[in-house]
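Since the structure comes first, as structure tokens, the remarks are kept for the end.
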Amino acid sequence: MTKPVTPAMPEELTGMLNIEVVYALPTSQTLITLVVPPGTTAIAAVRQSGILEQHQMTASKELPLGIFGKKVSHDRPLKAMDRVEIYRPLIANAKEMRRQRATKQKTATAKRANSR
């Protein structure tokens, strides 16, 4: 009696990794799918994708990268199905924005109470 054969994953067949590189702007998103060899780093995948040139960016040490929402170093080796994300700088501090909204709401509430 023979054992059923489990179909091999593409990575197992080719020895290559399927990954994605993504960069999002407020109005659009660029997603590039790549097949890279094992040992490829996050920054190497970003450079290979061509996404930096598309968005006129440079691969400086300050370029923040992540994989599935978790910040990673440039030299992190990739795994199959990783999605390398290029992060943009924050325009506003989240704490400061919440503080401003709370102050605005308190002011509006006080005005309504005084007008009664």
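Side notes on the structure shown:
- Checked against (1) at pLDDT below 95; (2) under 16 Å from the mean Cα position of the chain (by Cα), THR33 passes all but a single condition, namely (1).
Here is a yes/no grid of residues against (1) surrounded by 14 or more Cβ atoms within 10 Å (Cβ to Cβ); (2) among the hydroxyl-bearing types (Ser, Thr, Tyr); (3) out of contact with any Lys or Arg (no Cβ under 7 Å at 6 or more places or on another chain); (4) in contact (Cβ under 8 Å) with a residue 24 or more places away in the chain:
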| position | (1), (2), (3), (4) |
| --- | --- |
| PRO38 | no, no, yes, yes |
| ALA42 | yes, no, no, yes |
| LEU63 | yes, no, yes, no |
| ALA80 | yes, no, yes, yes |
| VAL84 | yes, no, yes, yes |
| TYR87 | no, yes, yes, no |
| LYS104 | no, no, yes, no |
| ALA108 | no, no, yes, no |
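- Look at (1) at pLDDT 85 or above; (2) within 30 Å of THR40 (Cα to Cα); (3) not aliphatic (A, V, I, L, M) and you find that ARG98 fails only one, number (2).
- Residue in the range 6-15 that is surrounded by 15 or more Cβ atoms within 10 Å (Cβ to Cβ) and at pLDDT below 85 present: yes
- Elements of type helices (runs of 4 or more DSSP H) in the range 29-116, at least 1 residues being touching a strand residue (DSSP E or B) at 6+ places or on another chain (Cβ under 7 Å): 42-49, 51-54
The values are calculated or read from the model by the stated rules, or taken from the named source; none is laboratory data. Keep in mind that what you see is a predicted model, and the values were worked out from it rather than measured. Neighbour counts are summed over all protein chains in view; Cβ atoms, including those assigned to glycine, are modelled from backbone coordinates with ideal geometry.
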